[in-house]
1. Under the rule a/c < 1.5 gives rounded, and otherwise a/b versus b/c splits prolate from oblate, where does the chain land using the Cα gyration tensor?
2. For the chain, modelled as a GNM with alpha-carbon contacts under 10 angstrom, which of 65, 74, 135 fluctuates the most?
3. Which residue, 130, 26, 40, has the most motion in a Gaussian network model of the chain that connects Cα atoms within less than 10 Å?
4. Shape of the range 70-144 from its Cα gyration tensor (a ≥ b ≥ c, root eigenvalues): rounded if a/c is under 1.5, otherwise prolate when a/b > b/c, or oblate?
């Protein structure tokens, strides 16, 4: 029920974001979703791809420093208050969110959010106990083909 996310540190300079994107394009790897956070001197590019092992290898061979992290994909009602309701479940379970970002697609009345929790296994168990739909990689990747 967890996904493997790739994280890359990039210098905060013109054209530095393009390198990992070009490497993945040349390797035939599609980026399903991403997040870019920056400071004045560097940025962190977080990526979800279907074949993270192949992507990691290609990026490392191109000289990128790549870290893998487990994240959790969660369905949220795509309506006003949907995220608030989900955050209520997270608060009730006393889960700490390190960061989050939206997946690039959803389905009908549901959106997908990616969460990095301090303890991903505990988060999955706690959310499922509360009836929250934690989306596994197979389901998530299948949805991205539609």
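Every read-out reported here was derived from the displayed coordinates using simple, explicitly stated rules and does not represent laboratory data. Every value quoted in this text rests on a predicted model; they were computed, and no experiment measured them.
1. Numbers: a/c = 1.99, a/b = 1.68, b/c = 1.19.
Taking the square roots of the gyration eigenvalues as a ≥ b ≥ c, the chain is prolate.
2. With Cα springs under 10 Å in the chain, the top fluctuation among 65, 74, 135 is at 65.
3. Comparing 130, 26, 40 in a Gaussian network model of the chain, the most mobile one is 40.
4. Working: a/c = 1.67, a/b = 1.24, b/c = 1.35.
It is oblate, given that a/c is not under 1.5 and a/b is not larger than b/c.
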